[in-house]
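K.L.:
Mind having a look at this structure? Questions to follow.
Bear in mind these aren't lab numbers, they're just calculated from the coordinates by the rules spelled out. Computed from a predicted structure; not experimentally measured. Cβ placement follows ideal geometry from the backbone for every residue including glycine, while neighbour counts extend to all protein chains displayed.
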Amino acid sequence: MSEHIVSVRVYITIFLVLLVGTALTVLAAFIDFPWRLNTIVALTIAVVKATFVVLYFMHVRYSSRLVWVIVASALFWMGILFALTFSDYLTRDWISTQTG
Amino acid sequence: MRPIESFEVPAPPRVNYINAQYGLKSWLLTKDHKRIALLYLGSITFFFFIGGLYALMIRLELLTPQGDLLQSTTYNKVFTQHGIIMIFFFLIPSIPATLGNFLIPMMIGAKDLAFPRINLLSWYIYLLGGVITIYALLAGGVDTGWTFYTPFSTTFSNSYVVATGLGIFINGFSSILTGLNFIVTIHTMRAPGMTWFRMPLFLWSHYATSLIMILGTPVVAITILLLAFERVARVGIFDPALGGDPVLFQHLFWFYSHPAVYIMVLPSMGVISELIANFSRKNIFGYSFVAFSSLAIAVFGFLVWGHHLFVTSQSVYAGMIFSFLSFAVAIPSAIKVFNWTATLYRSSISYDTPMLYALGFIGLFTVGGMTGLFLASLATDVHLSDTYFVVAHFHYIMVGGALMGYLGGLHYWWPKIAGRMYPEGWGRFSALIIFVGFNLTFLPQFIAGYLGMPRRYHAYPPEFQVFNVLSTAGASILGFGMLIPAIYFVWSMRYGKHAESNPWHLPGLEWRTQSPPPTENFEVTPIVTWEAYEFAPREETEVVGKFRPELERI
């Protein structure tokens, strides 16, 4: 199995990107966005950072299609967790809690 | 056709995996999957013994309606620790880490698992998790229930929640590594000719189990971490007083812990498929249906967790979805039960000890599964939730299902593992005692629960005493029944009759090597040219020897 060698330069670049992401998260936490944007902004930055980690630090970008399938199925399973949990949270207000 | 003499039983070979090397170091640093399976066997038996002691204390306390043996706080710790030890340190590793570890490479014709060192590592991680959990129990114990529900666990409980959680967190990695090893091994190390649809069903069920281990365990690990963050650093995640949501904990916890039920019962179903086919000497009815139903259970099992939340503030609409999906997961389970029953039809059944366990499993699992449907119905669950009905239901699945399969499998493969036979008469006797004791323990709990006896209380209204006396009597019989195999397995290691390489006269690969097997399992890599469960007529095997001659390739 051939191993792709990632250059130190790439590692350092990604590391710097992650540091910038962390700084942005801290910065965004001090700004009061309207509606629920604070959570959305923080999660977006986190997802971007995680994507860099998975692609470069975990070498998925240079890996076989089988590895991509594994990553996709893990994401799919996380999708199940989110979707069914939100089936609770998003429908709680649909019914009036008043009972006779 | 080869001459008959070539099928006679060879003299017991001198070198096998047990006597290949001697000394403690040869065991503690072994990379042999069979030795690691035995290390696991010893460790989980130890934990089973501790969990059993807690069960004994629970049953003794409940013998009388008054809380006269244990204080309420002590009782809370006792049932919590019974659950934690039995689930995380016995049931989850039970069949995969012992029988699975021992048999998966042998059943596919491989020399070992794909990652032998990781296999050994998983055992050490299991031990580390176990030691930390035992430390927590000795230091003062934990009283949250094995489910660690918030905000009690994060805010109010004064017991060792974080230490216990750390033990379970660490133990989870052992489970993940075992699952990873099994998946890679089954994908990449099958012997020539061992196609997916020639694999014994034991392997399909372990493949499905491994998927759950890998996909589910990280979620419970993260959940425990979040719990620890909230408890230690007061970060508001689950506690409403800190701006959190306690139901979120239940979502995250059950996302793993419901599939974990299938981690316990799927391997057992794999064992039962082997036992039913082999002791009725008939190809399993609907092989591919049984195989795919394992995968279906693994996938559907992830979609039903919300049925644990019917009496919380979970949205009723989510409740409807989860109720429907919970009924759906009964379908693949039913496929298995019906196919096993159909396999028995007009077959040549022999009632050896493993088969007694398998037949017991079918009945008990069906009772456990059907009562699960009561609990998956939105309205009846309101009545039954948090009563002894629930306790009886999950014990029918976990003891009646998972433990019966484990004991059946242990008897069935014992000749291969130890190279000695267990005493058949005692085996059948204890299987019967366990079956009777089990039912006497848990059937009355269904009635007590239906009538309204709540779970997790150390004192109860006197009208429930008759059910509790029956239950405690049953538990004593059950405990006695468990001691018998514990004694004769140890006895048989030294005094049991020497086992032939194929004492049951079966076609599976694990029976085509000596008992106990050599370290490398097979002298020559086998070439598989037969389907799983391809039996010769009984007369032929008895006259000729072990298998149909044309199947003999090794």
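K.L.:
Looking only at the stretch B:403-425, decide whether some residue is within 23 Å of B:Thr147 (Cα to Cα) and crowded, with 19+ Cβ neighbours inside 10 Å.
P.N.:
As a first pass, look at the stretch B:403-425 and keep what is within 23 Å of B:Thr147 (Cα to Cα): B:403.
Remaining after also requiring crowded, with 19+ Cβ neighbours inside 10 Å: B:403.
Taking every residue of the stretch B:403-425 in turn, at least one turns out to be within 23 Å of B:Thr147 (Cα to Cα) and crowded, with 19+ Cβ neighbours inside 10 Å.
K.L.:
Could you please find all residues in the stretch A:21-36 being loosely packed, with under 15 Cβ neighbours inside 10 Å and within 16 Å of the chain's Cα centre (by Cα)?
P.N.:
Scanning the stretch A:21-36 gives a single hit, A:Thr22.
K.L.:
Considering the stretch B:174-191 alone, what residues qualify as being part of a loop (DSSP other than H, G, I, E, B) and either free of Cβ contacts under 8 Å to residues at least 40 places away in the same chain or touching a Pro at 6+ places or on another chain (Cβ under 8 Å) (or both)? Full working, then the answer.
P.N.:
Narrowing the stretch B:174-191 to residues part of a loop (DSSP other than H, G, I, E, B): B:189-191.
B:Met189, B:Ala191 - these are the residues of the stretch B:174-191 that are part of a loop (DSSP other than H, G, I, E, B) and either free of Cβ contacts under 8 Å to residues at least 40 places away in the same chain or touching a Pro at 6+ places or on another chain (Cβ under 8 Å) (or both).
K.L.:
Keeping to the stretch B:489-502, report how many residues are surrounded by fewer than 18 Cβ atoms within 10 Å (Cβ to Cβ) and either part of a helix (DSSP H, G or I) or not basic (Lys, Arg) (or both).
P.N.:
Selection size over the stretch B:489-502: 6.
K.L.:
Can you name every residue in the stretch B:286-325 that is more than 13 Å from every other protein chain (Cβ to nearest Cβ), buried (at least 19 other Cβ atoms within 10 Å of the Cβ) and not aliphatic (A, V, I, L, M)?
P.N.:
Within the stretch B:286-325, B:Tyr287, B:Ser293, B:Ser294 qualify.
K.L.:
Determine whether A:Ala29 is touching a residue at least 12 places away in the same chain (Cβ under 8 Å), of a type outside the set (Phe, Trp, Tyr) and out of contact with any Lys or Arg (no Cβ under 9 Å at 6 or more places or on another chain).
P.N.:
Here the answer is yes, as A:Ala29 does meet what is asked.
K.L.:
Across the stretch B:444-466, what is the total count of residues that are hydrophobic (A, V, I, L, M, F, W, C), surrounded by fewer than 17 Cβ atoms within 10 Å (Cβ to Cβ) and either more than 20 Å from B:Asp143 (Cβ to Cβ) or in contact with a Leu (Cβ under 6 Å, 6 or more places away or on another chain) (or both)?
P.N.:
Qualifying residue count for the region: 3.
K.L.:
Right, next: Being closer than 27 Å to B:Tyr396 by Cβ, without any contact (Cβ under 8 Å) to a residue 60 or more places away in the chain and among the aliphatic types (A, V, I, L, M) narrows it down to one residue among B:Val219, B:Val265, B:Val304; which is it?
P.N.:
Matching residue, one of B:Val219, B:Val265, B:Val304: B:Val219.
K.L.:
Right, something else. Which numbered condition in (1) within 30 Å of B:Arg231 (Cα to Cα); (2) more than 22 Å from the chain's Cα centre (by Cα) is the only one that B:Ser174 fails?
P.N.:
Answer for B:Ser174: the failing condition is (2).
K.L.:
Does the stretch B:238-250 contain any residue that is under 30 Å from B:Thr353 (Cα atoms) and charged (D, E, K, R)?
P.N.:
no
K.L.:
Moving on to the next point. Just to be sure before I move on: is B:Pro259 within 24 Å of B:Tyr160 (Cβ to Cβ) and either without any contact (Cβ under 8 Å) to a residue 60 or more places away in the chain or within 14 Å of another protein chain (Cβ to nearest Cβ) (or both) in the structure I sent?
P.N.:
no
K.L.:
On to the next question. So A:Val6 passes all but one of these: (1) more than 14 Å from chain B (Cβ to nearest Cβ); (2) part of a helix (DSSP H, G or I); (3) not aromatic (Phe, Trp, Tyr). Which condition number does it fail?
P.N.:
(2)
K.L.:
Going through the stretch B:216-234 one residue at a time, which ones are out of contact with any Phe, Trp or Tyr (no Cβ under 7 Å at 6 or more places or on another chain) and either among the polar types (S, T, N, Q) or under 17 Å from B:Ser157 (Cβ atoms) (or both)?
P.N.:
Matches in the stretch B:216-234: B:Leu226, B:Ala228, B:Phe229, B:Arg231, B:Val232, B:Ala233, B:Arg234.
Okay, residues lined up against (1) assigned to a helix (DSSP H, G or I); (2) of a type in the set (Ser, Thr, Tyr); (3) at positive phi; (4) in contact with a Phe, Trp or Tyr (Cβ under 9 Å, 6 or more places away or on another chain):
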position	(1), (2), (3), (4)
B:Tyr22	no, yes, no, no
B:Gly42	yes, no, no, no
B:Thr45	yes, yes, no, yes
B:Leu53	yes, no, no, no
B:Pro65	no, no, no, yes
B:Leu70	no, no, no, no
B:Phe79	yes, no, no, yes
B:Ile85	yes, no, no, yes
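K.L.:
Looking at (1) within 30 Å of B:Ser323 (Cα to Cα); (2) within 15 Å of the chain's Cα centre (by Cα); (3) loosely packed, with under 13 Cβ neighbours inside 10 Å, which is the only condition A:Val47 fails?
P.N.:
Of everything listed in (1) within 30 Å of B:Ser323 (Cα to Cα); (2) within 15 Å of the chain's Cα centre (by Cα); (3) loosely packed, with under 13 Cβ neighbours inside 10 Å, A:Val47 misses just condition (1).
K.L.:
Something else: Answer yes or no: is there a residue in the stretch B:183-191 that is more than 14 Å from chain A (Cβ to nearest Cβ), over 22 Å from A:Ala74 (Cβ atoms) and in contact with a Ser or Thr (Cβ under 8 Å, 6 or more places away or on another chain). Show your work before the answer.
P.N.:
In the first step, residues of the stretch B:183-191 are kept if they are more than 14 Å from chain A (Cβ to nearest Cβ); the result is B:185-186, B:189-191.
If we keep only those that are over 22 Å from A:Ala74 (Cβ atoms) too, we end up with B:189-191.
Adding the requirement that they be in contact with a Ser or Thr (Cβ under 8 Å, 6 or more places away or on another chain) leaves B:191.
The answer is yes; a qualifying residue exists.
K.L.:
Based on what the data block shows, is B:Ser280 crowded, with 21+ Cβ neighbours inside 10 Å, in contact with a Lys or Arg (Cβ under 8 Å, 6 or more places away or on another chain), farther than 21 Å from A:Ile95 by Cα and not aliphatic (A, V, I, L, M)?
P.N.:
Against the criterion (crowded, with 21+ Cβ neighbours inside 10 Å, in contact with a Lys or Arg (Cβ under 8 Å, 6 or more places away or on another chain), farther than 21 Å from A:Ile95 by Cα and not aliphatic (A, V, I, L, M)), B:Ser280 does not qualify.
K.L.:
In the stretch A:68-92, which residue that is of a type outside the set (A, V, I, L, M, F, W, C) and facing another protein chain (nearest Cβ under 7 Å) is nearest to the chain's Cα centre (by Cα)?
P.N.:
Taking the stretch A:68-92 as the starting set, the residues that turn out to be of a type outside the set (A, V, I, L, M, F, W, C) are A:73, A:79, A:85, A:87-89, A:91-92.
In the following step, the residues that additionally are facing another protein chain (nearest Cβ under 7 Å) were identified as A:85, A:87-88, A:91-92.
Values: A:Thr85: 17, A:Ser87: 20, A:Asp88: 22, A:Thr91: 24, A:Arg92: 26 Å.
The selected residue is A:Thr85.
K.L.:
Based on what the data block shows, is A:Ala29 out of contact with any Phe, Trp or Tyr (no Cβ under 9 Å at 6 or more places or on another chain) and within 30 Å of B:Gly306 (Cα to Cα)?
P.N.:
Working: out of contact with any Phe, Trp or Tyr (no Cβ under 9 Å at 6 or more places or on another chain): yes; within 30 Å of B:Gly306 (Cα to Cα): no.
Here the answer is no, as A:Ala29 does not meet what is asked.
K.L.:
I would also like to ask the following. Among the residues of the stretch B:209-254, write down those that are within 11 Å of chain A (Cβ to nearest Cβ), under 20 Å from the mean Cα position of the chain (by Cα) and under 24 Å from B:Val311 (Cβ atoms).
P.N.:
Residues satisfying the conditions are B:Gly216, B:Trp254.
K.L.:
Filter the stretch B:442-457 for residues that are over 14 Å from B:His393 (Cβ atoms) and in a helix (DSSP H, G or I) and give the result.
P.N.:
Passing the criteria: only B:Leu451.
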